[in-house]
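The structure appears right after this line, and notes come after that.
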Amino acid sequence: MAKLTKDELIKQVEGMSVLELSDLVKALEEKFGVSASQMMAVTPAAGGTASAEPAEEQTVFNVVIASSGAQKIQVIKALRELVPTLGLKEAKDLVDGAPKEVMTQVNKKTAEEAKVKLAAAGATVELK
């Protein structure tokens, strides 16, 4: 088998279908024990300097009432609006036992809405 030049190899790759390219990448990964996705993280940034891996944005939050504030009744009402499955006693216990986690594993939008609503009622709220 004749050795291909870089240009000849590029021409052959250009003529491949997406499926053929995918198979080629898999074969190269297996042959050399590497992963194409790992190589992307090591590639220098456009500015010519190596960049640190970007921090993933948090997408799941826990809403914690750090302090109920002076208006406990308003906070209990707001909490029951946010979590309709809570009874009056459960909501009161959560507010009285602050700091307490009141919502777990919610998306960012829901967590932000809960924080605004509880803060407006007088509670100190943290998102974790």
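The values are calculated or read from the model by the stated rules, or taken from the named source; none is laboratory data. Quick caveat: nothing in here was measured; it's all calculated off a predicted structure. As a convention, Cβ positions derive from the backbone with ideal geometry for all residues, glycine included, and neighbour counts pool all protein chains shown.
General remarks:
- Subset of the stretch 64-92 that is surrounded by 17 or more Cβ atoms within 10 Å (Cβ to Cβ) and in a loop (DSSP other than H, G, I, E, B) - its residue that is farthest from the chain's Cα centre (by Cα): 69
- When each of 103, 39, 1, 16 is tested for being modelled with pLDDT of 80 or more and surrounded by fewer than 13 Cβ atoms within 10 Å (Cβ to Cβ), the lone residue that passes is 16.
- Condition met for residue 58 (at pLDDT 70 or above and either over 22 Å from residue 106 (Cβ atoms) or not β-branched (Val, Ile, Thr) (or both)): yes
- Identity of the residue in the stretch 93-114, of a type in the set (A, V, I, L, M, F, W, C) and assigned to a strand (DSSP E or B), that ends up farthest from residue 77 (Cα to Cα): 106
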